[in-house]
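Peer 1: Let me begin by handing over the structure; questions about it come next.
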Amino acid sequence: MELVTTKRFNTPNSHKLDTYLADGGYGAARKALTTMTPAQVMEEVKKSNLRGLGGAGFPAGMKWGFIPQNNPKPKYLVVNGDEGEPGTFKDKYILEKDPHALLEGIILCCYAVGIHKAYVYIRGEYIQQIRILQGAIEEANQRGFLGKGIMGTGFDLEVVVHRGAGAYICGEESALLESLEGKKGYPRLKPPFPAVVGLFGCPTVINNVETLACVPHVIAKGGEWYAKLGCERNGGNRIFCVSGHVNKPGIYELPLGIPLREMIEQHAGGIRNGNQLKAVIPGGISSAILTAAEVDVKMDFDSLKAAGTMGGSGGVIVMDDTTCMVWTALVAARFFAHESCGQCSPCREGSGWIYRILRRIYHGEGREQDLKNLPGIVGNVGGNTICAFGDAVTMSVGSYVQKFRSEFEYHIREKKCDVKRENYAQTNH
């Protein structure tokens, strides 16, 4: 398998401009700026079947094409580097190990769409990654790869780093825009969509770090080549973040469409301590959980959607048979209750209500009526909020109750857990 996004991660000083240039860096940007029209760049990205790798999986080239070219207002690119999804830690490595790949992807996107200013929104906890990216931007400016007349052409581009304050909701694109404008990170009603009314009321492209870091490879070797790396409608490789009860947790760059079982057993070394696989979260904590019987699913956006879950952010959390599903649901519910922005009543009240019920069940104080109430409460959160946060609550927590109902019933009936506990942390939730 050919590594694409992570191929330079183990190279010494991979974050430095000279290291990047020695490996052909900025060659794709030079090729685009000197030999291709913006429309040709966009067409190659469309051919590549590159999907948004931050969560929704929307085709990147199609998203770029939504930007109106006859609008007199300035256009912006906003790079989503917030990465607040639990179980996800891939963008931080791109920012740390290969920041110039991101910058080259930014140049290509901005050239294709006609953008002259880009903002990189990074979660504030990524202190080291912010420092490295800022250094890369300074290097690129000094050497003529950013700024006025980049690479001797007539194309100008300014890149600005903006630190977030660690709010999970600011990973949602419209809440991110509000935060970037200096306001509270509340999601916006849509329409209008950011492509028409985005940052400062202007047309805006929003892509995550990994998506843009893939673009230089698309332009360097062609959209058709990139598309063949993955599967139908899901082009290229993806960085999967594998954590939990596996022998070799870490990040793995693998083709989209790889079976989840292969990822766990061959690449991540299988289940630790000889235990049995029990469940997997395939796309960050917001995605619906899969049982051990469902892990033959292919890890692309379309296959996971058909299986009732989602590819999300690529955060694969593996759980063995020492894991209590009531406890796991409680951890997820506590996170959602804490991170709800509070703008929408169903989410603000419902997420807290769900957490309190699960906490009661887990601590042996549950009632039979609790299990009857949960599906209705969970179901009334999703689909009734401005952003997809409510849908995440429904998809995530609802799947635990649906697929592992017997464990919830046991907790309520016996007032205790029937799962051995020595291999996972007991927290005071």
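The values are calculated or read from the model by the stated rules, or taken from the named source; none is laboratory data. This structure is a prediction, so every number in the text was calculated from the model and none was measured. Cβ coordinates were reconstructed from backbone atoms using ideal geometry, including for glycine residues, and neighbour counts include every protein chain displayed.
Peer 1: Identify, please: which residue in the range 380-396 is within 16 Å of P191 (Cα to Cα) and surrounded by 21 or more Cβ atoms within 10 Å (Cβ to Cβ) and is, among those, farthest from the chain's Cα centre (by Cα)?
Peer 2: Among those that are within 16 Å of P191 (Cα to Cα) and surrounded by 21 or more Cβ atoms within 10 Å (Cβ to Cβ), it is T385.
Peer 1: Moving on to the next point. With respect to L358, determine if the residue is over 25 Å from the mean Cα position of the chain (by Cα), crowded, with 22+ Cβ neighbours inside 10 Å and part of a helix (DSSP H, G or I).
Peer 2: yes
Peer 1: For the range 340-355, does any single residue satisfy the condition of being out of contact with any Cys (no Cβ under 9 Å at 6 or more places or on another chain), of a type in the set (K, R), at negative phi and assigned to a helix (DSSP H, G or I)?
Peer 2: So far as the range 340-355 goes, no, none of its residues is out of contact with any Cys (no Cβ under 9 Å at 6 or more places or on another chain), of a type in the set (K, R), at negative phi and assigned to a helix (DSSP H, G or I).
Peer 1: While we're here: G182 passes all but one of (1) touching a Gly at 6+ places or on another chain (Cβ under 8 Å); (2) in a loop (DSSP other than H, G, I, E, B); which number fails?
Peer 2: G182 satisfies every listed condition except (1).
Peer 1: Under 6 Å between Cβ atoms, at least 6 apart or on separate chains: pull out the pairs that start in the range 53-76 with a residue that is free of Cβ contacts under 8 Å to residues at least 12 places away in the same chain and end on any residue that is in a loop (DSSP other than H, G, I, E, B) and surrounded by 14 or more Cβ atoms within 10 Å (Cβ to Cβ).
Peer 2: F58/G52
Peer 1: Same structure again: Here are the criteria: (1) buried (at least 19 other Cβ atoms within 10 Å of the Cβ); (2) not in a strand (DSSP E or B). Tell me which single one K228 does not satisfy.
Peer 2: Every condition holds for K228 apart from (1).
Peer 1: Considering the range 297-327 alone, what residues qualify as being closer than 24 Å to A227 by Cβ and assigned to a helix (DSSP H, G or I)?
Peer 2: F301, D302, S303, L304, K305, A306
Peer 1: Out of E339, E409, I need the residue that is under 23 Å from the mean Cα position of the chain (by Cα) and acidic (D, E). Which one?
Peer 2: Values: E409 fails: under 23 Å from the mean Cα position of the chain (by Cα).
Residue meeting the stated conditions: E339.
Peer 1: Taking the range 134-165 only, how many residues are in contact (Cβ under 8 Å) with a residue 60 or more places away in the chain and of a type outside the set (D, E, K, R)?
Peer 2: 9
Peer 1: Here is a check on your reading of the model: is P216 in a loop (DSSP other than H, G, I, E, B) and either assigned by TED's automatic domain parsing to the domain that holds R30 or surrounded by fewer than 22 Cβ atoms within 10 Å (Cβ to Cβ) (or both)?
Peer 2: The answer is no for P216.
Peer 1: Which residue is farthest from R238 (Cα to Cα), if the candidates are limited to the range 1-25 and must be without any contact (Cβ under 8 Å) to a residue 24 or more places away in the chain and part of a helix (DSSP H, G or I)?
Peer 2: D18
Peer 1: Another question about this same structure. Surrounded by fewer than 18 Cβ atoms within 10 Å (Cβ to Cβ), among the polar types (S, T, N, Q) and modelled with pLDDT of 95 or more: which single residue out of S340, S345 fits that description?
Peer 2: Answer to the selection: S345.
Peer 1: If you go through the range 26-47, how many residues are surrounded by fewer than 22 Cβ atoms within 10 Å (Cβ to Cβ) and either assigned to a loop (DSSP other than H, G, I, E, B) or in contact with a Pro (Cβ under 6 Å, 6 or more places away or on another chain) (or both)?
Peer 2: Going through the range 26-47 one residue at a time, the tally reaches 2.
Peer 1: Another question, if that's okay. Identify the single condition in (1) touching a helix residue (DSSP H, G or I) at 6+ places or on another chain (Cβ under 8 Å); (2) of a type outside the set (D, E, K, R); (3) outside any helix (DSSP H, G or I); (4) crowded, with 21+ Cβ neighbours inside 10 Å that L330 does not satisfy, given that it satisfies every other one.
Peer 2: If we test L330 against (1) touching a helix residue (DSSP H, G or I) at 6+ places or on another chain (Cβ under 8 Å); (2) of a type outside the set (D, E, K, R); (3) outside any helix (DSSP H, G or I); (4) crowded, with 21+ Cβ neighbours inside 10 Å, just (3) comes out false.
Peer 1: A further question on this structure: Would you confirm whether any residue within the range 247-263 is out of contact with any Ser or Thr (no Cβ under 8 Å at 6 or more places or on another chain), buried (at least 24 other Cβ atoms within 10 Å of the Cβ) and more than 16 Å from T6 (Cα to Cα)?
Peer 2: no
Peer 1: Restricting to the range 48-60, and then to whatever is outside any loop (DSSP other than H, G, I, E, B) and crowded, with 22+ Cβ neighbours inside 10 Å, can you tell me which residue is farthest from the chain's Cα centre (by Cα)?
Peer 2: Out of the qualifying residues, it is A60.
Peer 1: Here's something else I'd like to know. Can you work out which of the residues in the range 251-270 that are without any contact (Cβ under 8 Å) to a residue 40 or more places away in the chain and at negative phi is nearest to the chain's Cα centre (by Cα)?
Peer 2: Residue satisfying both the conditions and the ranking: Y252.
Peer 1: Is at least one residue of the range 330-350 outside the structural domain of E85 (by TED's automatic domain parsing), within 26 Å of L50 (Cα to Cα) and aromatic (F, W, Y)? Walk me through how you get there before you give the answer.
Peer 2: From the range 330-350, those outside the structural domain of E85 (by TED's automatic domain parsing) are 330-350; that's our starting set.
Now drop any that are not within 26 Å of L50 (Cα to Cα), which leaves none.
No - not one qualifying residue is present in the range 330-350.
Peer 1: Within the range 99-122, how many residues turn out to be of a type outside the set (A, V, I, L, M) and out of contact with any Leu (no Cβ under 7 Å at 6 or more places or on another chain)?
Peer 2: Going through the range 99-122 one residue at a time, the tally reaches 3.
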